[in-house]
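Below you'll find the structure, written out as structure tokens, and then a few comments.
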Amino acid sequence: MLFRQLFDPVTSTYTYLVADSQTSEAALIDPVLEQVERDVTLLQQLGLTLRYCLETHVHADHITGASELRRRTGCVSVVPKEAHVHCADRFIDDDDRLQVGAIEIEAIATPGHTDSHLAYLIDGTHLLTGDALLIRGCGRTDFQSGDAGTLFDSVTQRLFALPDTTLVYPGHDYRGHTVSTIGEEKRWNPRFVGRDREGFQQFMSTLNLPHPQKMAEAVPANERCGNVVLVTS
């Protein structure tokens, strides 16, 4: 398996490239519009054909590159089934699987950050957690139908049930971390260690974080697969 972690410094967003080196089929997960040229160049350099462009959820902090990647490569745009997106080519639900050559991508429902969030488990070893589980943290739950209790259940019942050796690759990191493991997060993540569901809900309700700067622009654009031309003021 060919695996690359790509970073957008403006929004601290990770995009992931997964490919089968034998068939040269590839998937991009959570692409960023401003980084499409970087992604297309890398695909060309590695001799890869982009088959899928997947989203973990409808993002509020950046605009997806899905529409532009679809236009330039002919890839299939894939979004979570419950997301309020009508322009995608395919919708994916909990426990659905996609094949990229011999590589299997398994969708795991992890709502809470948003009501339609998915994590993706790649070949049983690499877990792309989106904004549900971050390295020593987690996504916020105070907008886009987020719910702290639901997120606690998603992380503790679904993600923490995976083998401790499972590699954790988050959708964002703001402190320079790149990868963790399920075992590490179960032991050291301060959002969850020593907290029950009620304690987690109480903690999340006190964060009082400002909304992402691009939220007003990003959410409606991402509901249109990143087609900013259609966004109205």
**Prompt:** Quick one: would you say residue 108 is touching an Asp or Glu at 6+ places or on another chain (Cβ under 8 Å), of a type in the set (Val, Ile, Thr) and farther than 18 Å from residue 31 by Cβ?
**Reply:** yes
**Asked** Which members of the stretch 157-192 meet the condition of being of a type in the set (Ser, Thr, Tyr) and either over 17 Å from the mean Cα position of the chain (by Cα) or more than 20 Å from residue 32 (Cα to Cα) (or both)?
**Response** 165, 166, 180, 181
**Filter result (touching a residue at least 40 places away in the same chain (Cβ under 8 Å), small (Gly, Ala, Ser) and either buried (at least 17 other Cβ atoms within 10 Å of the Cβ) or farther than 15 Å from residue 51 by Cα (or both)) within the stretch 102-123** = 109, 112, 116, 119
**Request:** Among the candidates 209, 133, 162, single out the residue that is at pLDDT below 95, of a type in the set (A, V, I, L, M, F, W, C), out of contact with any His (no Cβ under 7 Å at 6 or more places or on another chain) and more than 19 Å from residue 84 (Cβ to Cβ).
**Result:** 209
**Asked** Can you pull out the residues in the stretch 140-155 that are crowded, with 17+ Cβ neighbours inside 10 Å and at negative phi?
**Response** 140, 141, 146, 147, 148, 150, 151, 152, 154, 155
**Prompt:** If a residue has to be within 23 Å of residue 119 (Cβ to Cβ) and either basic (Lys, Arg) or at pLDDT 95 or above (or both) to count, how many in the stretch 72-87 make the cut?
**Reply:** 7
**Asked** Restricting attention to the stretch 70-101, which residues are farther than 16 Å from residue 50 by Cα, assigned to a strand (DSSP E or B) and not hydrophobic (A, V, I, L, M, F, W, C)?
**Response** 80, 97
**Message:** Is it the case, given these coordinates, that residue 39 is in contact (Cβ under 8 Å) with a residue 40 or more places away in the chain and either out of contact with any His (no Cβ under 6 Å at 6 or more places or on another chain) or not basic (Lys, Arg) (or both)?
**Reply:** no
**Item:** Filter result for residue 187 (over 19 Å from residue 140 (Cβ atoms), among the basic types (Lys, Arg) and surrounded by 15 or more Cβ atoms within 10 Å (Cβ to Cβ))
**Value:** no
**Request:** May I ask you to list the residues in the stretch 15-71 that are modelled with pLDDT of 95 or more and charged (D, E, K, R)?
**Result:** 20, 25, 30, 34, 37, 38, 39, 51, 55, 68, 70, 71
**Asked** Is it the case that the stretch 18-29 has a residue that's of a type in the set (D, E, K, R), in contact with a Leu (Cβ under 8 Å, 6 or more places away or on another chain) and at positive phi?
**Response** no
**Entirely in the stretch 1-68, the strands (runs of 3 or more DSSP E) that have 2 or more residues that are crowded, with 22+ Cβ neighbours inside 10 Å** = 13-19, 25-29, 49-54
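The values are calculated or read from the model by the stated rules, or taken from the named source; none is laboratory data. No experiment lies behind these values; they were computed from the predicted model shown. Quick reminder, even Gly has a Cβ in these numbers, built from the backbone with ideal geometry, and neighbours come from all protein chains shown.
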